[in-house]
Amino acid sequence: MGIQYLNTTRKRLGDYLVDLGFITDEQLNHSLKEQKEKGGKLGAILIQLGYLTEDILLAILGKQTGVSYVSLQEYGEISEEAIKTVPETIAKNQMLVPIKKEGNVLTIAIADPLNVFATDDLKLLTGCDIRMVVASDNDIKNALDKYYFKKKKKRTGNELKEVVQQIDKQMDVNQAGNAANVEFVKDSIFDVEEDGESAPAIKLTNMILSDAVSKGASDIHIEPFENKLSIRFRIDGVLHEESSPPKRAHASLTSRLKVMADMDISERRIPQDGRTKIHIEGRELDIRVSTIPTVFGEKIVMRLLDPEGLQLDLTQLGFDEKELTIFKRNIEAPYGLILVTGPTGSGKTTTLYSAMSILNTPDRNIVTIEDPVEYILPGINQVQAKPDIGLTFANGLRAFLRQDPDVILVGEIRDKETGEIAGNAALTGHLVLATLHTNDSASTVIRLLNMGVEPVLIAATLRMVVSQRLLRKVCSQCRTPYEVTVEELMGLGVTIQLAANTKVRLFKGKGCEVCHHSGYKGRIGVYEVLELNEEIRQLVVKQAPPYEIKMAATRSGVESLREVAVKKLFAGLTSLEEVIRVTIAENSIE
């Protein structure tokens, strides 16, 4: 079987989708206008605007081009023989995965079936005839991660012991009894790959970073106690204890990390913050490093930031269709104040950055002040707040208003001054987006009032409040169905009418290698979207209590976080335990 070339006389994708009834002419024209202004592929724009789902697009592309659609999650295990035929760099750069080799025919799953150049290159490289099937971006990324990046040699407990023994020897040689005297070279970016020639402290650091990245950790906690050193990874929002080196390795490990983050290794009495970059598993990661002095030594927390992993497509974050429509309508408004609320780690920054990616057009001047700037967004002016030199959120906002901005993002409204300046900016023709720490959307108004922001200013400028949480998703590889009765779910506020039956089918993860035996893999957002109407504005002016605002929001059709989470539960995306854990403070469905 030879290479499958595509029919160049076929109808254009947009027209094809209109003819089949998946989109309207108006939606196509809007998408083509977006494509002209921002660039990119039409299919991706249709998905981003919510006009089409990825599954439908891939199925249509397959039908249009004569290429079959394959779900790699349901495909099963890929043979090592197939993986070995395509080098890692080519698979990653071309976004493809070899899935089967039969004789001289190599079958590849590819995200873009129009990429005939990839098949030409592979035919020359492998000497095989190429058969192409199409798969989703997410499926291919997961497969690349599983079959290439994670095929690295697994470390054993013996390796950890060997590294610690080497550190002990080095300390003896230095006759210092303190590894902080060991000198390291400071580079601009650190290559975290296996290297038998590296110093012991470097090996230990690389082992910890590699394990964290391979497990999908967002944070690493290194905590010294009286008789032990604890290492924990935060995976999908939950901390997990990991294998830890003995306490005596703490000094060397701390020194290495502080050198990487360009911090003062001789200063152990005060907190320090730093930043570094590492190159690992074919990609570059930013790491924020924070230290605090405890009674048993310095505790270190590292936040791992993967620019490639930043999800900026609103349709993929977890918004329901109704919520997404309200959200998009308000962020496209020319002025007003929009607040995103939730606890630390609930995904507020991702939601704001996703909004910025939609608003980021050549005709808009966008400025942000953040603490810290987590990801760099091309085309947007981002400012790092530095309170120690007077560059606070409030002072930054004042300076922004002299820079002719159209859109302003404020990392967090923390005080009356920042709240008032943000409100006045929204009142004078600017769109202002910011975060606030509250439990739900109704409490946001009360929080602003408690800060001292005038109720009339809040009522005049606040357009929308988005309260959010992140739910862990049940692992698709080991999820298992089971049935419960509606009576068992009444504590969540579920009724027979809501469940549409007396029994409900739910899912939970048994635990497997893919999810590191946790039963969960990945997270999805749940959103309570409150768009202020005239009734709610009047309640704000009257400084009504939160329950009155919440009742008015319910009357206007706002669904609580608990209600939205239950929908995800019924859809099989998350577990009953996770809904209870994340929305425990929420009111039951009424």
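List of remarks:
- Across every pair of non-identical alpha carbons in the chain, the mean reciprocal distance, once inverted, gives a Kirkwood radius of 26.8 Å.
- Farthest toward positive dipole pole in the chain [+1 Lys/Arg, -1 Asp/Glu at C-beta], among Leu72, Thr351, Ser243: Ser243
- Of Asn533, Thr480, Asn360, farthest towards positive along the dipole that unit charges on Lys, Arg, Asp, Glu beta carbons give the chain: Thr480
- Ligands, DNA and RNA left out, the accessible area of the chain computed with a 1.4 Å probe is 49% carbon and sulfur.
- Of the residues Thr392, Cys515, Gln35, the one whose Cα sits farthest toward the positive end of the charge dipole of the chain, with +1 on the Cβ of Lys and Arg and -1 on the Cβ of Asp and Glu, is Cys515.
- Residues of the chain: accessible area per residue with a 1.4 Å probe, Å²: 48 Å²
- Dipole magnitude of the chain, debye to nearest 20 (Cβ charges: Lys/Arg +1, Asp/Glu -1, about Cα centre): 560 debye
- Residues whose placed amide H lies under 5 Å from that of Gln382, excluding near-sequence neighbours: Thr368
- Here the Karplus curve 6.51 cos²θ - 1.76 cosθ + 1.60, taken at θ = phi - 60°, turns the phi angles of segment 478-491 into couplings of 10, 5, 10, x, 7, 10, 10, 8, 4, 4, 5, 9, 5, x Hz, with x standing for Gly and Pro.
- Extension gain, Arg402 to Glu487, is 24.7 nm, computed as 0.36 nm per intervening residue step minus the present C-alpha separation.
- Between Asp273 and Glu412, the distance separating the two model label sites (each 7 Å from Cα on the Cα→Cβ line) works out to 1.0 nm.
- Label positions at Thr294 and Lys247, each projected 7 Å from the Cα along the C-beta direction, are separated by 1.2 nm.
- Of the cross-linked pairs Lys63/Lys101; Lys386/Lys567; Lys348/Lys508, those separated by over 31 Å at the C-alpha level are Lys386/Lys567.
- Most simply put, the chain has about 65% antiparallel DSSP beta bridges, counting only bridges with both residues inside it.
The values are calculated or read from the model by the stated rules, or taken from the named source; none is laboratory data. If you're wondering where the values come from, they're calculated on a predicted model, not measured in any experiment. With ideal geometry, Cβ positions are generated from the backbone for all residues, glycine too; neighbour counts draw on all protein chains shown. Surface areas here come from the heavy atoms of the whole protein model, side chains and all, with no ligands, DNA or RNA. Shrake-Rupley method; radii C 1.70, N 1.55, O 1.52, S 1.80 Å.
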